[in-house]
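Here is the structure we will look at, set down as structure tokens.
The values are calculated or read from the model by the stated rules, or taken from the named source; none is laboratory data. All figures in this text were calculated on a predicted structure; none of them were measured in a lab. Please note: Cβ atoms are built from the backbone with ideal geometry, for glycine as well, and neighbour counts cover all protein chains shown.
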Amino acid sequence: MIDEEYNKILKQYHKVSERHILAVESDMPYSDILQVVTLSDKIRKAGNELVALMRKNYEQLLRTKRYRKLLVLYGNTGDKNKRKDLANQLSEMQKDYNVTWDYCRKSMIPIGKKYGIDAVFALTKAEDIWGGVEKCLYGRGATIHFSKYGELPCIRSKQINRGIPMSVKEEQLQFKLGKINFGIKVVDRFQRDEVNAIVSYLAESESIDRKAVNTFKEDGRCIDTYRPCYATLVPKIIRGKYRVYLHLAIEGKSKPKYNRDGSLRHKYGKGIIGADIGTQTVAYTSNTEVGLKNLSERGNSIQTSERKERLLHRAMDRSRRATNPQNYNDDGSIKKGRKDWKYSNHYKKLKDKYYELCRINAVNRQLAINEDANHLRSLANTFVTEEKNASKLMKRAKETTKNEKGKFNKKKRFGKTIKNRCPSKFQTTVQKKFEVTGGTYIEVSNNYRASQYDHTADDYIKKKLSDRLYKLRSGTEVQRDWYSSFLLYCYDYRTNSIDKNKCNMEFGRFYNMEKKLIERIKVNKIKVLNSGIKIG
């Protein structure tokens, strides 16, 4: 294989191969950590300057009637040739108003020099900002957001030999940021296995790359090379002190994790599992187990922590109002225009407590989501669920309506619930878990309507959202979320619809499992939110 062809295939291999992230804490002294935090804040300020520039250009582009009219025509046109012509016209207008990646990249050069930021880090920040602009241009983004004071953006270099170069010293990975030399804290077997795999690749990089190219050329399969791609420094505030973590992007799948006794930590099951993912709970049905539990809940209920968050937030608001009465109207609303704010020491202590509690709750949510996803993967290898709809449920109602008593209905929806329970994050994690481990993830179409079907009547019966326990046409009472998961379990691959014969054959066995599940919930007094199960 000639060098030109080899390099071409190797480049293609790097694009299609899988990657994962190794997150480890750095062993920097605190003086060096403060330097990293300072650099992160400079990147934030430089990014905000570029955001202001791109936001101004984007808003000027949106003000033009011609651009808005072209957007409407593009959305309503089905002809490919016309859509291509309209897309070219939209691109030309974006160039005229300097809403392009080339302008964004070039504008960041003088801004980066102004703040003394390395060109690699400035370019990476420009890429992140352009990603936000693309969401506004081609996605559902409404505007480009600034980074708040106190936020610490990551310091990322898209090349392993620039910005944060890596080397090996005595079988240990060493990194460099400017004049700062640091290593990483390897605390468990998984991290040690990952580091050893990286060291092995660096020792024989050419032979491993050639083996990967040959395998990819022969059967299109990607092997795990464990090539380090690039490094990212992530500063965080934990318990009032700064800490810096290193996120290393590595080519290939991650190493398996083991228990202390040497057995594999995660086991993968076989079969099909149907899951109904709500705003607060998840119900699932597999061949061996049925379940109904709260989302993002690890150990004891997180409702206590959520209540502490609300109490601290209210205390902060009272303190802020007491020290800044000039910024509020008589009815309690905030005055319009520019305002000067003063914060007491009491407020600052409350703020630190609030941010720390939010951080702990966020970590617990992520851990709970990962644990639930691993458990579901241990039950089956095919996951069937409905499409994500969390973003739609977060939107406030537009129309003003009244109830039977003549009072106005609230326009708010499930914003806080989705923030605390993270149903969309859970669904995304499950999808990645099943796909990465060789499983299958299926989202049924909207006409599947698992929550409305009644297999005993062979008909779709519309139900109120408040009906959590309801009786089928045969008189059998079922829990609504679990029954939806059972109907998803009875998925027919051939017709992409409900397998009615499977429903009739399997319902009796799973209904007995559901009764035992509800009895266990009542005996142990487990509060399952919005389930209709009374625990006394």
What about K471, is it among the basic types (K, R), farther than 30 Å from P256 by Cα, loosely packed, with under 12 Cβ neighbours inside 10 Å and out of contact with any helix residue (DSSP H, G or I) (no Cβ under 7 Å at 6 or more places or on another chain)? no
Residues in region 22-78 that are among the aromatic types (F, W, Y) and in contact with a Ser or Thr (Cβ under 9 Å, 6 or more places away or on another chain): how many? 1
Pairs, first of a type in the set (S, T, N, Q) in region 210-226, second not in a helix (DSSP H, G or I), C-beta under 7 Å, six or more apart: T215/R221; T215/I223; T225/E251; T225/G252
Kindly establish whether V99 is in contact with a Phe, Trp or Tyr (Cβ under 6 Å, 6 or more places away or on another chain) and either acidic (D, E) or not in a helix (DSSP H, G or I) (or both). yes
Give the residues of region 33-82 that are closer than 23 Å to G131 by Cβ, small (G, A, S) and at pLDDT below 95, sorted by residue number. G75
Considering (1) in contact with a Lys or Arg (Cβ under 7 Å, 6 or more places away or on another chain); (2) at pLDDT below 95; (3) more than 26 Å from N420 (Cβ to Cβ); (4) not polar (S, T, N, Q), say which one Y328 fails and leave the rest. (2)
Among what's in region 449-499 and is within 34 Å of the chain's Cα centre (by Cα) and of a type in the set (V, I, T), pick the residue that is modelled with the lowest pLDDT. T495
Given the criteria in the same structural domain as V436 (by TED's automatic domain parsing), part of a strand (DSSP E or B) and of a type in the set (D, E), does D317 qualify? no
Could you pull out the residue among A368, A362, A390 that is within 16 Å of the chain's Cα centre (by Cα), assigned by TED's automatic domain parsing to the domain that holds V290, of a type in the set (G, A, S) and within 28 Å of S497 (Cα to Cα)? A390
Filtering region 138-171 down to residues that are under 21 Å from V186 (Cα atoms), in contact (Cβ under 8 Å) with a residue 24 or more places away in the chain and loosely packed, with under 13 Cβ neighbours inside 10 Å yields E171
Is there a residue being crowded, with 16+ Cβ neighbours inside 10 Å and free of Cβ contacts under 8 Å to residues at least 24 places away in the same chain anywhere in region 113-125? no
State all residues of region 38-61 that are of a type in the set (S, T, Y) and either in contact (Cβ under 8 Å) with a residue 40 or more places away in the chain or touching a Gly at 6+ places or on another chain (Cβ under 8 Å) (or both); if no residue qualifies, say none. S40, Y58
Within region 2-11, does at least one residue satisfy the condition of being outside the structural domain of K114 (by TED's automatic domain parsing) and of a type in the set (S, T, N, Q)? yes
Anything in region 177-198 that is loosely packed, with under 14 Cβ neighbours inside 10 Å and in contact with a strand residue (DSSP E or B) (Cβ under 9 Å, 6 or more places away or on another chain)? List them, or say none. N181, K185, V187
If you check every pair at least six apart or on different chains, which have Cβ atoms under 8 Å apart with a residue in region 260-280 that is in the same structural domain as A380 (by TED's automatic domain parsing) and more than 16 Å from F434 (Cβ to Cβ) first and a residue that is part of a loop (DSSP other than H, G, I, E, B) and of a type in the set (S, T, Y) second? D276/S451
Regarding region 400-410, can at least one residue be identified that is surrounded by 13 or more Cβ atoms within 10 Å (Cβ to Cβ), not in a strand (DSSP E or B) and not basic (K, R)? no
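Within region 32-83, can you find the residues that are in contact with a strand residue (DSSP E or B) (Cβ under 8 Å, 6 or more places away or on another chain) and either closer than 25 Å to H145 by Cβ or not in a helix (DSSP H, G or I) (or both)?
V36, V37, L39, S40, I43
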